[in-house]
Amino acid sequence: MAAGRRAPDVGELVRRAREGDARSVARLISLVEDASPLLREAMAALVPYGGQATVVGLTGAPGVGKSTTTSALVGAYRGLGKRVGVLAVDPSSPFSGGALLGDRVRMQEHALDPDVYIRSMASRGHLGGLSWSTPQALRVLDAARCDVVLVETVGVGQSEVEVAGLADTTVVLLAPGMGDAIQAAKAGILEVGDVYVVNKADRDGADSTVRELRHMLTLGERRAPGDWRPPILKTVAARGEGVDEVVEALEKHHGWLEETGELHRRRLRRAADEVESIAVTALRSRMGDLRTGHGLDDLAAEVVDGRTDPYAAADRLVAGLTNG
């Protein structure tokens, strides 16, 4: 904390965020991104207000229109009177570590709406297309009374399946003429999608893309009776065409999740992944302390000198971390 700057009152920030104050929401998310010493206090204060927002993840290769689709979905949800949060995870600047695309120019039409909160987050080299801090930022938007939170990922191809572990519903976007169906199959995206959207459907080849995608989904189908069968929809998001049908499909999927108990199971997995990530980050930090104190280097030297094997060295390292 810089000299002369007062530490924020976390309780007051949470109270004001609950009342819809955008600046307080921004400050809470900044605590997350900066791994602030106040982060633990903030997460504890948010606990009573979680679990209300529907989380929708949008993924797909670069150029399919994720930002345009996200903006169109924001408009559709606002038309239903819902409060919407957007986490747009962008590639990181190699210089500042900040998000390169800022608050997404395509979404500026919603910038003055007090019931829409848009935040760009830097992936900071995280390979899954999501920032490591995205789950905690989701908790902030959930507590801030967002009915729906849209998580748009970096277009990083095969790694984008990670969004499925974070969202209640995952939307996979494709576009004709980009070889997306093949790319989706390579990336394993066909295994994680709950709703498939062929955007830019006014282009030649849209119907062919739908057929190819449907064929691929049929080939890999291992669904029991009563399981969700992902629909394939066509949109022209830039003109708002087909977006209402996407929202309808998302609502149907959420209803199915609630009826079958799958929503609870997915959120359990999400919480387990979040707890594991926090624990692993803490252990890595302590490993860094060991390296600074020559503990890890000493073990490495023993391996190189043939005095021990790497498994025995790792056991001693883990013992030092857990007993220290």
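A few comments on the model shown:
- For residue 241, the residues whose modelled amide H falls within less than 5 Å of its own, excluding neighbours fewer than 5 places apart on the same chain, are 236.
- Rolling a 1.4 Å probe over the protein chains gives residue 277 an accessible area of about 50 Å².
- Computed accessible area, residue 82, all protein chains, 1.4 angstrom probe, square angstrom: 60
The values are calculated or read from the model by the stated rules, or taken from the named source; none is laboratory data. What you see is a predicted model, and the numbers here were worked out from it, not measured in a lab. Surface accessibility is based on the protein's heavy atoms, side chains included, excluding ligands, DNA and RNA. Shrake-Rupley method; radii C 1.70, N 1.55, O 1.52, S 1.80 Å.
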